[in-house]
Amino acid sequence: MPRGDGTGPPGGTGRGTGKGMGRGRGAGGGSRAGRMGGARAGAGPAGECLCPKCGTTIPHQAAVPCFQVSCPSCGTKMVRK
């Protein structure tokens, strides 16, 4: 916006337009599998919680993070599988 009036470069097709199109996997461009990827925080309602101490698995409950759930066998806090 050369004059600060919102018009931008003539035609609007000059270099620097397009918000990062064609930059590959970096910020703002390319196609990705998702914002956060696999089994991480906010991974969705499906899946299981795993006890890192004894290996017990339980179904993940929606809206309840695994790290807030205690293992039914040994009492250790669970992790997302």
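The values are calculated or read from the model by the stated rules, or taken from the named source; none is laboratory data. What you see is a predicted model, and the numbers here were worked out from it, not measured in a lab. All Cβ positions, even for glycine, are placed from backbone atoms using ideal geometry, and neighbour counts span all protein chains on display.
Pairing residues of the range 69-81 that are within 10 Å of residue 58 (Cβ to Cβ) with residues that are among the β-branched types (Val, Ile, Thr), at Cβ distances under 6 Å and at least 6 apart in sequence or on separate chains, gives 71/56; 73/56; 78/69.
Condition check ((1) exposed (fewer than 10 other Cβ atoms within 10 Å of the Cβ); (2) modelled with pLDDT of 65 or more; (3) not hydrophobic (A, V, I, L, M, F, W, C)) across all residues:
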position: 2; (1), (2), (3): yes, no, yes
position: 5; (1), (2), (3): yes, yes, yes
position: 26; (1), (2), (3): yes, no, yes
position: 41; (1), (2), (3): yes, no, no
position: 50; (1), (2), (3): no, yes, no
position: 55; (1), (2), (3): no, yes, yes
position: 73; (1), (2), (3): no, yes, yes
position: 77; (1), (2), (3): no, yes, yes
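Could you tell me how many of the residues in the range 52-81 are of a type outside the set (Val, Ile, Thr) and assigned to a loop (DSSP other than H, G, I, E, B)?
Step one: list which residues in the range 52-81 are of a type outside the set (Val, Ile, Thr), which gives 52-55, 59-63, 65-68, 70-75, 77-78, 80-81.
Right, trim to assigned to a loop (DSSP other than H, G, I, E, B) and you get 52-55, 60-63, 65, 71-75, 78, 81.
Summing the residues that are of a type outside the set (Val, Ile, Thr) and assigned to a loop (DSSP other than H, G, I, E, B) in the range 52-81 gives 16.
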